[in-house]
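Data block below; observations after.
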């Protein structure tokens, strides 16, 4: 009788653990899930790993993301940009490797930053003295993009979010 009770108690415990794990897994989705894109540009394998926030009806640039301040170019952990070969970004050399990708948005021009510290939380410990490269690019109006999305093509990459696209050229 005691063994039967212990067996039933153990079975009930296992059921409770499985049920609670299933319920926990079905809770709200992560607000800014990690995403990545990888493709070839200018003969180099480029990978961009980033947190992908949503607009959610907010004013993004000049609101949620302040003009003139360093931004992690994504959500949560800093965006990581990796190139398998030496490349030129907007005509300036960037050695092969992994970098923290940051941006300083303004209304008419953005500074795109490749920082030598690829793994960092947000921009809280961002250190300008560790920048490998800074370039200036022009944002362009685009169709609404609810979730932040990076795209890579033969000519470079773009950051696309809200009603903006920020193209960055890459050459050999």
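The values are calculated or read from the model by the stated rules, or taken from the named source; none is laboratory data. What you see is a predicted model; the values in this text were computed from it and never measured. Here Cβ is always computed from backbone atoms with ideal geometry, including for glycine, and neighbour counts include all displayed protein chains.
So, residue 125, is that one out of contact with any strand residue (DSSP E or B) (no Cβ under 7 Å at 6 or more places or on another chain) and free of Cβ contacts under 8 Å to residues at least 60 places away in the same chain or not?
yes
Identify all residues within the stretch 90-116 that are touching a residue at least 60 places away in the same chain (Cβ under 8 Å) and over 16 Å from the mean Cα position of the chain (by Cα); write none if there are none.
Passing the criteria: 90, 91.
Within the stretch 127-154, take every residue that is modelled with pLDDT of 95 or more and assigned to a loop (DSSP other than H, G, I, E, B) and give me the one that is farthest from residue 55 (Cα to Cα).
Across the stretch 127-154, the extreme among qualifying residues is 127.
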